[in-house]
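Each remark here refers to the structure printed beneath this line.
The values are calculated or read from the model by the stated rules, or taken from the named source; none is laboratory data. Note that the structure is a prediction, hence the values are computed from the model and not measured. In this analysis, Cβ positions are derived from the backbone assuming ideal geometry, glycine residues included, and neighbour counts consider all displayed protein chains. Protein only, heavy atoms only, side chains kept; ligands, DNA and RNA dropped before computing areas. Shrake-Rupley method; radii C 1.70, N 1.55, O 1.52, S 1.80 Å.
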Amino acid sequence: MINQIKTISDLHEFRTSLASKKVALVPTMGALHEGHLVLVKEAKYLADIVIAYIFVNPTQFAEGEDLDTYPRTLDSDIEKLEAIGCDALWLPSVEDIYPNGPEITVQAGEIAKPLEGEYRPHFFDGVVSVLARMFELSKPDFVMMGEKDFQQLQVVKKMVEARNLPLEIIGVETMRDENGLALSSRNLYLTEAEYSIAIRLNKIMKQVATNEISEKNAAEELLKAGFDKIDYLTKRIGENLCPDPQNSDRVLVAAWLGKTRLIDNMAIEQN
Ligand code: AMP
């Protein structure tokens, strides 16, 4: 049985009992899929003890976003984590994480401004606020994060650097389904018809990554395929997300399909 940690004092007790063992933290919002589990698997290679948490963080959702309807599948999440031998599952309450009520306590840096920052300006401040608190409470040596959320990974790396936190952020490659769609908890929102459109995203993005088509043509292709709106589809330097046509090494995309917003990214093949 996985050790379920529900209070801060239980977390302190567990963390203290680990003494000098190396601890990896796997932050999640639940509705776990193979993309999350691969983070746990990588964590098991790196660390002696793996703690996953599930916390649907209110400060990273804006008014009108899906905080209340975000998929919650705790029983099956527990089964999945147990099956792969995750040591502990931390299930903090909102009060534990935000003793003064949900609020922004840490500002994300410059790298949070473009791309996602333009379309979801609240988002990264919420992400770094919750993570700073989670790191302070659980004191991990490693934190596992998916490349699926590529800008988030870079934003959090910069936050850790800026605050001199004694931990390492480990980026893990994106897990895709058999049709190439990046796994995401929000894929549960897609209808069957939308799914068959969604799988075009990876294929069109790949054409950009291999320099077969331009970003502009790719955006047109996505709309032709049935996407409703493209927030961005752009090549950037991965490390700082600046545009630089000569040295871009990532393509990043955010596109709407009905009420679902899909994001994805891919390394650009260098010639
Ligand atoms: P979420 O529960 O969506 O907040 O995601 C928790 C963590 O899992 C984040 O670090 C994500 O980047 C990562 N993640 C989500 N989907 C995938 C995926 N398909 N492959 C790899 N990591 C992922």
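Does Arg200 satisfy the criteria of being under 30 Å from Ile51 (Cβ atoms), touching a helix residue (DSSP H, G or I) at 6+ places or on another chain (Cβ under 9 Å), open to solvent by 60 Å² or more (accessible area, probe 1.4 Å) and away from the ligand (no atom under 16 Å from the Cβ)?
Spelling it out, it is not the case that Arg200 is under 30 Å from Ile51 (Cβ atoms), touching a helix residue (DSSP H, G or I) at 6+ places or on another chain (Cβ under 9 Å), open to solvent by 60 Å² or more (accessible area, probe 1.4 Å) and away from the ligand (no atom under 16 Å from the Cβ).
Taking the criterion of being open to solvent by 40 Å² or more (accessible area, probe 1.4 Å) and not in a loop (DSSP other than H, G, I, E, B), would at least one residue in segment 120-130 satisfy it?
There is no residue in segment 120-130 that is open to solvent by 40 Å² or more (accessible area, probe 1.4 Å) and not in a loop (DSSP other than H, G, I, E, B).
Suppose the filter is more than 10 Å from the ligand (Cβ to nearest atom), touching a residue at least 40 places away in the same chain (Cβ under 8 Å) and among the basic types (Lys, Arg); does Lys139 pass it?
Against the criterion (more than 10 Å from the ligand (Cβ to nearest atom), touching a residue at least 40 places away in the same chain (Cβ under 8 Å) and among the basic types (Lys, Arg)), Lys139 qualifies.
Considering only segment 218-226, I want to know if a residue exists there that is among the aliphatic types (A, V, I, L, M), surrounded by 15 or more Cβ atoms within 10 Å (Cβ to Cβ), under 30 Å from Ile8 (Cα atoms) and in contact with a strand residue (DSSP E or B) (Cβ under 9 Å, 6 or more places away or on another chain).
no
So which residues in segment 115-124 are more than 16 Å from Lys157 (Cβ to Cβ) and in contact with a helix residue (DSSP H, G or I) (Cβ under 8 Å, 6 or more places away or on another chain)?
His122, Phe123 - these are the residues of segment 115-124 that are more than 16 Å from Lys157 (Cβ to Cβ) and in contact with a helix residue (DSSP H, G or I) (Cβ under 8 Å, 6 or more places away or on another chain).
Six or more apart or on different chains, Cβ under 6 Å: which pairs go from a residue in segment 19-37 that's of a type in the set (S, T, N, Q) to one that's in a strand (DSSP E or B) and near the ligand (Cβ under 9 Å from one of its atoms)? Could you list them?
Matching pairs, first to second residue: Thr28/Ile54.
Filter segment 142-172 down to the residues that are open to solvent by 70 Å² or more (accessible area, probe 1.4 Å) and within 21 Å of Thr234 (Cβ to Cβ), then identify the one that is nearest to the ligand (Cβ to nearest atom).
It comes out as Lys157.
Can you tell me which residues in segment 245-256 are in contact with a Lys or Arg (Cβ under 9 Å, 6 or more places away or on another chain), open to solvent by 40 Å² or more (accessible area, probe 1.4 Å) and not in a strand (DSSP E or B)?
Pro245, Asp249, listed by residue number.
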